[in-house]
Amino acid sequence: MVDGHSMNATLDDGDNLIVEKLSYRFSDPQRFDIIVFPPQGAPKEHYIKRIIGLPGETVQIDAEGNIYINGEILEENYGLETIQNPGRVSEPITLGDDEYFVMGDNRNNSVDSRSEKVGNVKRSTITGRAWLRIWPLSDFGFLKHQ
């Protein structure tokens, strides 16, 4: 169950989802996948965020709120508004071979990889990919990833 507003407008507080755990055994997580993972130091808690940066990439957010991947602006339309706080990526960071940079779609109301609390997400900690919304019934359906 989604708890909070960090993924608005894609997901709402109280949405119930099915998280599929099988596909990442056979393929790597992709940019814009919505993943579930425990934050650092809280293995029983789970966050849900969208993958923005992939292993080996360099991520930065400038003062205007633009996201850069390897020095080029990321073309995406998931964020609700201009990013106000780039956090730890106001300067470029390079992801490790097994690390992902994640953000909530509600960019100014999300604790995500911009924060030291979350940081880069290691692949081994990814629980699975949010795949299907089952509640509320009026919004039943597969989640848009790409």
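The value obtained for the stretch 16-71, namely the Cα convex hull volume divided by the number of residues, is 135 Å³ per residue. Taken about its Cα centre, the chain carries a charge dipole of roughly 500 debye when the Cβ of each Lys and Arg holds +1 and the Cβ of each Asp and Glu holds -1.
Each residue of the stretch 103-108 was assigned a 3J(HN,Hα) from its phi angle through the Karplus curve 6.51 cos²θ - 1.76 cosθ + 1.60 (θ = phi - 60°); the sequence is 9, x, 5, 8, 4, 9 Hz, with glycine and proline shown as x. Annotation: average projected area of the stretch 62-107 is 3.4 square nanometres, based on the convex hull of Cα atoms across all directions. Note on the chain: Kirkwood hydrodynamic radius from all Cα pairs is 15.3 Å, rounded to one decimal. Just checking the listed ones, Asn77, Asn108, Asn120: in the Gaussian network model of the chain with Cα springs under 10 Å, the one fluctuating most is Asn77. If the label point is 7 Å along Cα→Cβ of Asn70, which residues in the stretch 8-41 have backbone nitrogen under 15 Å from it? So the set is 31. As a proxy for reagent exposure, ranking Phe140, Phe37 by other Cβ atoms within 10 Å from fewest up yields Phe140, Phe37. The amide H of Trp135, built 1.01 Å from its N in the peptide plane, has Asn16 as neighbours under 5 Å, considering only residues 5 or more places off or on other chains.
Every number here is computed from the coordinates shown, using simple stated rules; none is lab data. What you are looking at is a predicted structure, and each value in this text was computed from that prediction instead of being measured. For neighbour counting, all protein chains shown are included, and Cβ atoms are generated from backbone atoms with ideal geometry for every residue, glycine included.
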